[in-house]
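Reviewing the structure listed below.
The values are calculated or read from the model by the stated rules, or taken from the named source; none is laboratory data. Predicted model only: the values in this text are computed from it and were never measured. As a convention, Cβ positions derive from the backbone with ideal geometry for all residues, glycine included, and neighbour counts pool all protein chains shown. Protein only, heavy atoms only, side chains kept; ligands, DNA and RNA dropped before computing areas. Shrake-Rupley method; radii C 1.70, N 1.55, O 1.52, S 1.80 Å.
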Amino acid sequence: MTFRPIEFFGIELFRIKGQPWGFFGWQGIIPTKSLLNLKEIFDRLDPKRFSEVMEDAIMLMLDSIVEEVAMKYMPNVWSMLPKKVKDEIIVVMNIESETFLTTFMEEVKEHIDDVLDIKQMTVAACVREKRLVNKIFQECGDKEFTFIRRSGFYFGFLFGLIQMGVFFVYDASWVLPFFGFLVGWATNWVALKVIFRPLNPIKIGCFSLHGIFLKRQMEVSETFARVNCVEILHTKAIWEEILSGPKSKNFFAMLRAHSIVFTERLVGGMKPITIAAMGSQQFSEMKEEIAQKIADKLPSVMPHSYEYTTEALDMENTIRERMQKLPYPEFEGVLHPAFEEDEILLILVGGLLGLVAGGIQVVAMY
């Protein structure tokens with residue numbers, strides 16, 4: 001229920017914004033808490049600049065593809081072409097490759113939701129590597145976990161004084177285990193409440209009451225954004241999701257269409273001669289093979305774009321700024337619900353440990 005389903009499942013008659021439940025249905029807790037507008041993020045990518053960054057790698061890739069395909073479909077003609085003609089083809093290819101990549105990236109930007117599912121990507125990463133979820137919560141809630149450990153002493157001591165007073169008045173053997181359970185239960189319950197409540201600051205004289213976690217919104221937002229972008233939403237992972245994720249077929253369909261247009265432009269005025277030399281059927285097959293080879297080789301040159309893509313998308317700063325601007329109830333809703341369902345287990349464990357401690361006290365005394 002934490003991760004699935006990615007989209008709301010059921011009949012959505014009524015639903016509070018940002019909540020996983022509704023009448024009648026459910027959406028995974030983590031997919032519900034979306035901080036990113038994918039279209040807005042990818043609008044920051046400049047296709048022309050992207051093309052410039054990729055220019056050398058794309059040129060080398062296309063040069064090798066054209067050489068391979070030409071030698072396969074018209075080896076005699078290609079071998080007999082003067083070097084000057086081949087150089088002219090390379091010049092044309094250089095010009096057309098920039099147009100090819102720029103127009104292709106413009107279409108990818110326009111239809112980014114059709115080629116990348118950021119929710120699926122995030123959930124898949126968390127399900128595949130449970131350590132990522134642990135790392136996010138351990139680093140974001142480091143101070144709160146420390147507080148929970150120390151609160152066992154603070155609150156346990158206070159509740160223990162009450163237990164001691166009751167035992168002096170009524171020293172039945174069951175009192176210590178019973179109150180031990182209550183003390184352990186109450187200690188963890190109070191500690192968790194202090195972390196997340198009150199949601200909004202409450203002024204009492206010169207004092208302000210506010211959940212410990214919520215008071216650290218600025219700091220937690222920075223940590224959450226950093227860990228997510230280092231471990232999950234980094235550029236390499238985003239491109240891998242586009243190239244091999246559930247929506248990759250849409251990406252490669254776009255790439256095929258642009259590759260065929262690129263081939264048509266590359267051949268240009270030589271198209272009649274080329275068709276005469278190999279036939280229209282083989283010419284169509286050649287275009288398809290060029291498109292397939294571009295699709296096969298593109299992933300290997302994509303790392304050349306990582307630095308620029310990371311800088312342009314600016315995911316870490318975007319997540320941090322949006323989390324920091326969230327109202328307290330919404331900020332609490334980003335992380336708390338993911339482990340809220342396990343809070344009762346933590347409280348129960350505290351009670352059971354108190355019960356055991358009380359039992360040991362009884363054995364020691366009697």
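Restricting the stretch 239-284 to residues that are open to solvent by less than 80 Å² (accessible area, probe 1.4 Å), of a type in the set (D, E, K, R) and in contact (Cβ under 8 Å) with a residue 40 or more places away in the chain, which is farthest from Met315 (Cα to Cα)?
Lys247
Condition check: surrounded by 15 or more Cβ atoms within 10 Å (Cβ to Cβ), modelled with pLDDT of 85 or more and over 18 Å from Ile41 (Cα atoms). Does Leu313 satisfy that?
Against the criterion (surrounded by 15 or more Cβ atoms within 10 Å (Cβ to Cβ), modelled with pLDDT of 85 or more and over 18 Å from Ile41 (Cα atoms)), Leu313 does not qualify.
Of everything in the stretch 127-141 that's of a type in the set (D, E, K, R) and in contact with a helix residue (DSSP H, G or I) (Cβ under 8 Å, 6 or more places away or on another chain), which residue is surrounded by the fewest Cβ atoms within 10 Å (Cβ to Cβ)?
So the residue we want is Glu139.
Working carefully through the options Met80, Met59, Met71, find the one that is free of Cβ contacts under 8 Å to residues at least 60 places away in the same chain, over 30 Å from the mean Cα position of the chain (by Cα) and under 30 Å from Thr235 (Cα atoms).
Of the residues listed, the single one that is free of Cβ contacts under 8 Å to residues at least 60 places away in the same chain, over 30 Å from the mean Cα position of the chain (by Cα) and under 30 Å from Thr235 (Cα atoms) is Met59.
Exactly one condition in (1) polar (S, T, N, Q); (2) part of a helix (DSSP H, G or I); (3) touching a Pro at 6+ places or on another chain (Cβ under 8 Å) is false for Asn134; which is it?
(3)
Where residues in the stretch 143-152 are within 23 Å of Met218 (Cβ to Cβ) and either in contact (Cβ under 8 Å) with a residue 40 or more places away in the chain or in contact with an Asp or Glu (Cβ under 8 Å, 6 or more places away or on another chain) (or both), which of them is most open to solvent (accessible area, probe 1.4 Å)?
Ranking the candidates gives Lys143 first.
Being within 21 Å of Leu346 (Cα to Cα) and modelled with pLDDT of 80 or more is true for just one of Gly180, Gly156. Which residue is that?
Checking each option against the conditions leaves just Gly180.
What is the one condition in (1) open to solvent by 40 Å² or more (accessible area, probe 1.4 Å); (2) at pLDDT below 80 that Thr32 does not satisfy?
(1)
Step by step: first the residues of the stretch 104-124, then only those that are open to solvent by less than 50 Å² (accessible area, probe 1.4 Å) and of a type outside the set (A, V, I, L, M), then the one that is nearest to Glu264 (Cα to Cα). Which residue is that?
Residue satisfying both the conditions and the ranking: Phe104.
Are any of the residues in the stretch 180-198 without any contact (Cβ under 8 Å) to a residue 12 or more places away in the chain, part of a helix (DSSP H, G or I) and open to solvent by 70 Å² or more (accessible area, probe 1.4 Å)?
Yes: the stretch 180-198 contains one or more residues that are without any contact (Cβ under 8 Å) to a residue 12 or more places away in the chain, part of a helix (DSSP H, G or I) and open to solvent by 70 Å² or more (accessible area, probe 1.4 Å).
Collect the residues in the stretch 199-220 that are under 30 Å from the mean Cα position of the chain (by Cα) and either assigned to a helix (DSSP H, G or I) or of a type outside the set (Lys, Arg) (or both), keeping them in residue-number order.
Leu199, Asn200, His210, Gly211, Ile212, Phe213, Leu214, Lys215, Gln217, Met218, Glu219, Val220, listed by residue number.
So, of the residues in the stretch 203-237 that are touching a strand residue (DSSP E or B) at 6+ places or on another chain (Cβ under 9 Å) and open to solvent by less than 80 Å² (accessible area, probe 1.4 Å), which turns out to be farthest from Val349 (Cα to Cα)?
Ser208
Is it the case that Ala225 is of a type in the set (A, V, I, L, M), without any contact (Cβ under 8 Å) to a residue 40 or more places away in the chain and out of contact with any Gly (no Cβ under 8 Å at 6 or more places or on another chain)?
no
Of all the residues that make up the stretch 86-119, how many are in a helix (DSSP H, G or I) and within 24 Å of the chain's Cα centre (by Cα)?
12
Could you list, in sequence order, the residues of the stretch 35-85 that are in a loop (DSSP other than H, G, I, E, B), surrounded by 17 or more Cβ atoms within 10 Å (Cβ to Cβ) and at pLDDT 85 or above?
Within the stretch 35-85, just Leu45 meets the criteria.
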